[in-house]
Protein chains: 2
Amino acid sequence: MTDFYNINEYKHPLFTVDSVLFTITDGALKVLLVKRANSPFEGSWGLPGGFVDIDSDSTTDITALRKLKEKTNVEPPYLEQLQTFSGAHRDPRGFSVTLVYFALIAAQNVSTHIKSIDDVQWVDINTIQDLSIAFDHKHLIEHAKQRLQQKTLYSMVPIYCLPEYFTVGQLKSVIEIILGKTIQRKSLIRRLESTNIVEKSDEKVSSGGRLAHLYTLKSGVDIVNFERNLSA
Amino acid sequence: MTDFYNINEYKHPLFTVDSVLFTITDGALKVLLVKRANSPFEGSWGLPGGFVDIDSDSTTDITALRKLKEKTNVEPPYLEQLQTFSGAHRDPRGFSVTLVYFALIAAQNVSTHIKSIDDVQWVDINTIQDLSIAFDHKHLIEHAKQRLQQKTLYSMVPIYCLPEYFTVGQLKSVIEIILGKTIQRKSLIRRLESTNIVEKSDEKVSSGGRLAHLYTLKSGVDIVNFERNLSA
DNA sequence: GCACTTTGTGTCAAAAGGACACTATATTGT
DNA sequence: ACAATATAGTGTCCTTTTGACACAAAGTGC
């Protein structure tokens, strides 16, 4: 494609993009897995991902989103790079590099599509130990989970696991599932009120007791990082 | 190399590994730049890096260290992944992906080697705006600087910019250069004493006033993250 | 010896989360 | 209708960690 340099002069690593997409359903943290259609590991479960299409993907972010949309029919509202993993033996085809993204989505926004097909499923993160997973993807998922937990201590990212309008109770519940421990409702409210990223709606919604206020993420805002972690 | 899959079936992105190696000298934060020997951008300054040697590098971490050692003659004591940057137009040869590392080293451990050659230099981070730098490397350096500043708020990473034995005064100075603001000596000492990663030696050293205690990083320890940031 | 410099400590104030009691307002069952 | 129960939200004090800053300690240089 150029005369600067012959791209086939050296042997290249195999380069792929994979994503760890989390959601919360049935009171548990789940990861999206897909059944592999191709060798290697054909037929076993692995992370959604694949090769960059260098003619149509402008960046690897687009690659990740494209692959996720193929599987879920929607693009997740939160996507960030996790880390790049590499090694001579992590793929039987040779030295490989995979750029792993981590993403969040509200279960409501995908579940109907997922349930209708049999090569995509949500897997409870706690049952992954017992499964056989392609490549080193089990390891990648573990890394992503730790990053999600860490970010939950100093940001409001779990909001992206909720629908557009949500209550403090729902957010508290999502955070507790991610962290695997309870947190103080008061602390959560203090943080919500001190950031400028959510809006308190006037609407209230029933939740088995006193009506709960609805909150919503302001549009176009970036996630704020607090200067202090919740107690780990 | 395999019959699973023909590696040349698709067009691949160009994959490289680059490093942003920081140090502190002359009261300023500096980045290592090298003069490019090959096209593109031959003759201009850029980050040390290059292609993975898939026959000898076991991971990309090794690639980064190998490239840094070629230029500085030593391996930096601190190395971590920064981020992967990609795009169809960041390299004139086509779609490219670069995995960027960020590294720290004590100036004392490299300066003699660097000064003797003319294709490697330390550049003051504040003068980089005015320079012409290969690819989007100026942008990568800016990202790395922000990460370094952020980590400095909640960890002791700046220790890796210091020699084996150092004083609180030296560490305070390095941190202040990185952050571009003064910090409280008391806060620094409190943090040093609350972590278990440094050892207070009995030796003292002259520093223009009262003798200063020497500290040293315990061997084999990992960097500890504090639960709270210093004030930004 | 005296001024100055850098190191190190003591102490109080400020900020933000944790704990937890208490109030408010729904739903549900009888 | 009313009590029991559940969830939402507030008020308040405690705890932890950092910021601020005065002060003491111990060198150097003239």
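Bridging of A:Lys11 to lysines at a Cα separation below 18 Å is possible for B:Lys11, B:Lys67, once same-chain residues fewer than 8 apart are set aside.
Backbone amide hydrogens, once placed in the peptide plane, bring B:Leu82 within less than 5 Å of B:Val100, B:Tyr101, B:Phe102, excluding anything fewer than 5 places away on its chain.
Treating r as the C-beta distance of A:Ile183 and A:His113 and R0 as 30 Å, the FRET efficiency rounds to 0.40.
Extension gain for B:Leu192 to B:His143 (0.36 nm times residue separation, less C-alpha to C-alpha distance): 14.9 nm.
Taking only the alpha carbons of chain B, we obtain Rg and Dmax values of 19.6, 71 Å in that order.
For the segment B:28-40, counting C-beta atoms of other chains within 10 Å of every residue's C-beta and taking the mean gives 1. The longest stretch of chain B left intact once loop-based trypsin sites (Lys or Arg not before Pro) with at most 14 other Cβ atoms within 10 Å are removed from consideration, loops following DSSP, is B:12-180.
When a/c is below 1.5 the answer is rounded, else prolate if a/b is larger than b/c, else oblate, so apply that to the protein assembly as shown with a ≥ b ≥ c taken from the square roots of the Cα gyration tensor eigenvalues. Oblate, since a/c reaches 1.5 and b/c is not below a/b.
Each Cα pair of the stretch B:155-217 feeds into the Kirkwood radius, which the Stokes-Einstein equation turns, at 4 °C and 1.567 mPa s, into a diffusion coefficient of 108 µm²/s.
With its label point defined 7 Å out from Cα along the Cα-to-Cβ axis, B:Asp26 lies at 6.5 nm from the matching points of the other copies, in increasing order. Take each residue of peptide A:82-94, count the partner chain Cβ atoms within 10 Å of its Cβ, and average: the result is 5. Label positions at A:Ala232 and A:Glu164, each projected 7 Å from the Cα along the C-beta direction, are separated by 3.8 nm. Using a 10 angstrom cutoff on alpha carbons, build the Gaussian network for chain A and name the most mobile of A:Leu47, A:Leu211, A:Leu104. Comparing A:Leu47, A:Leu211, A:Leu104 in a Gaussian network model of chain A, the most mobile one is A:Leu211.
Summing Cβ point charges (Lys, Arg +1; Asp, Glu -1) relative to the Cα centre of the protein assembly as shown gives a dipole of roughly 1940 debye. Based on DSSP H segments of at least four residues, each scored -39500 (n - 2.57), the protein assembly as shown has a per-residue ellipticity at 222 nm of -7500 deg cm²/dmol. Residues whose amide H lies under 5 Å from that of A:Leu29, counting only those 5 or more places away or on a different chain, are A:Ile125; hydrogens are built 1.01 Å from N in the peptide plane. Between the beta carbons of A:Lys69 and A:Ser219, assuming R0 = 22 Å, the FRET efficiency works out to 0.60 to the nearest 0.05. Against chain B, whose longest principal axis is taken from its Cα atoms, helix B:60-72 shows a tilt of about 70°. Ratio of the stretch A:103-198's C-alpha Rg to 2.2 N^0.38 Å, to two decimals? Dividing the Cα radius of gyration by 2.2 N^0.38 Å gives 1.22. Plainly put, the tip 7 Å out from Cα toward Cβ on B:His139 is 3.1 nm from that tip on each other copy, the closest given first.
The share of accessible area on the stretch A:89-232 that comes from carbon and sulfur is 45 percent, using a 1.4 angstrom probe. Solvent-accessible surface of the protein assembly as shown, taken per residue with a 1.4 Å probe and all protein chains present: 49 Å².
For an R0 of 45 angstrom, estimate the FRET efficiency from the Cβ-Cβ distance between B:Glu176 and B:Ile62 and round to the nearest 0.05. Calculated value: 0.85.
The values are calculated or read from the model by the stated rules, or taken from the named source; none is laboratory data. Just so you know, these numbers come straight off a predicted model, no measurement behind them. Cβ coordinates were reconstructed from backbone atoms using ideal geometry, including for glycine residues, and neighbour counts include every protein chain displayed. To get the accessible areas, we keep the full protein, side chains included, count just its heavy atoms, and leave off ligands, DNA and RNA. Shrake-Rupley method; radii C 1.70, N 1.55, O 1.52, S 1.80 Å.
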